[in-house]
Every structure is written in structure tokens, then in C-alpha cells.
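Here's the structure we're looking at; comments come further down.
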Amino acid sequence: MTAARIVLLLGAGAVAGMVGSAGGTASLIAYPALLAVGIAPLPADVTLSVAFVAAWPGSALGSQPELRGQGTWLRRQAALAAAGSAAGAALLLVTPADIFGRVVPFLLAFAALALLLQPQISAWLAGRRVSTSRFLLPGGLIAVSAYDGYWGAGAGVMTLALLMITTGQGLTRSNALKNMLLGVADVACCVVFVLFWPIGWAAAALMAAGVLIGSMTGPSLTRHLPAHIVRVTAALAGLGLAIHLWAGSR
């Protein structure tokens, strides 16, 4: 591991941790950095999942005001996130990644558009919240967590869109809850990867160190920036990643 690669992984991890914990698409930064240091696409995906476990404690420290009083809700949803992510990781280990990879850009684009149109969708669901979100939230959380365990790129945008549409919470609190649920999901899929996949620990540790630092500062961005700017920026970043992945799969 050369000095240049060490700096690249640390720096990319820090920026990705900050962007991801603020509601953006962290994979847009971290995944290309792993490819740039010579890690193949599938191992890079696994390495990224392992490294982003560090975002959980970092974003928890940065989101303490938004997380007060949310313990009961989080414990109830965490089990769904863990189960979905572990299932997605297991699926990754037994199926060709390129099959699901062809679908990823469309899923990501859908989530980004949902986040972009969140005010309109939330208004439409307002009169249907009791009958609709009761099933949409748990079902959507399992599906998004499975996606996170399998591929992960854009899972933050998907989860943020799901929470803002179904819970009625504002962007700042939804983003904090998203960070905690993704943390649980990342731990669950990493248990599967550590048990059944050879991890590149040097690259994962370097990126994790950067992610930990960056994720502490991300939540404060959502606290001080106008909510619509963060939401639109995250959505546009998700659309950009969807187009990039779609072009790469052709």
C-alpha cells in the first residue's frame, strides 16, 4: 500500500462519510476510490460495506439531538433492517453480481425521484397514512436493507426517501434515523461477509478511519443547511450515480 493510496482511501472515506451521513450518495465517492487503488468491482463492494460500519458510531455522535426519544422506534425497525441486509449479503455470495447490477441503476433512479418529489408524495399520502404506511415502511425497509446488503450504492437515498414519505418526520430527523438503520444493516451484512468472504482488511481499515471522521460532521450539515437544498442535492446525486451505473453496465 503506497502513501498515495493510503491518502486516497483516507480522504475518500472522510468525504464519503460526511456526504453519506448528510443524506447524500456516499458510494459515488468511495466506490471509485476503491477501484482506483486496484480492487476489483465485487471485492470493492464488499470492502465498502465493511468500511461503512464506521459511519454508525460517527453519525450517532453527530446526530444526538435528533435521536433523543427515538430508541423504541429504532429498536423495532432495526430487526427488519438487520434481517433484510443479511439476506441481501447472502444473496450476493450465491448469485452473479452482474444480474442484479443491471437492475441497480433503475432502483436508484426510482429512489432519487421519490426523494426529489417527496413533498408531493407525502401530501398525497397524508390522507392514507394509516392504511398505507403501516405496510409500506416495514416492507420497504426490508427491501432497501436487502439492497444495501447486496449492492449498497444509493441505499442511503432510498432509505431517506422511504422514511420521509412514510414517517412524516422532517429531513434532519429522517436523516438521523436513516443513518442508524443503515448502521444496523451494515453490521448485519458484514457479519455474513466476514464469515464467508476474504476481506481486504488494509483497504477497509483505511477507508473506515476516514468514514468515521467524516460521518461525525455530516449530520450538522443537515442541521444548518435548508432542508430543500439537502433533499434536492441528495436526489440529484442519486440520479447522477444511477446514470453512471447504467452507462457502465451497457
Kindly indicate whether residue 15 is closer than 11 Å to residue 203 by Cβ, surrounded by fewer than 24 Cβ atoms within 10 Å (Cβ to Cβ) and touching a residue at least 60 places away in the same chain (Cβ under 8 Å).
no
Verdict on residue 134 being without any contact (Cβ under 8 Å) to a residue 24 or more places away in the chain and either crowded, with 17+ Cβ neighbours inside 10 Å or assigned to a helix (DSSP H, G or I) (or both)
yes
Suppose we filter the stretch 40-83 for residues that are surrounded by 15 or more Cβ atoms within 10 Å (Cβ to Cβ) and aromatic (Phe, Trp, Tyr); how many remain?
2
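Yes/no per residue for (1) at pLDDT 75 or above; (2) farther than 20 Å from residue 56 by Cβ:
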site: 176; (1), (2): yes, no
site: 199; (1), (2): yes, no
site: 221; (1), (2): no, no
site: 229; (1), (2): yes, yes
site: 232; (1), (2): yes, yes
site: 248; (1), (2): no, yes
Suppose the filter is farther than 23 Å from residue 38 by Cβ, touching a residue at least 60 places away in the same chain (Cβ under 8 Å), surrounded by 16 or more Cβ atoms within 10 Å (Cβ to Cβ) and within 17 Å of the chain's Cα centre (by Cα); does residue 182 pass it?
yes
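The values are calculated or read from the model by the stated rules, or taken from the named source; none is laboratory data. Everything quoted here is computed from the prediction, not taken from an experiment. Counting neighbours? That spans all protein chains shown, and the Cβs are built from the backbone with ideal geometry, glycine included.
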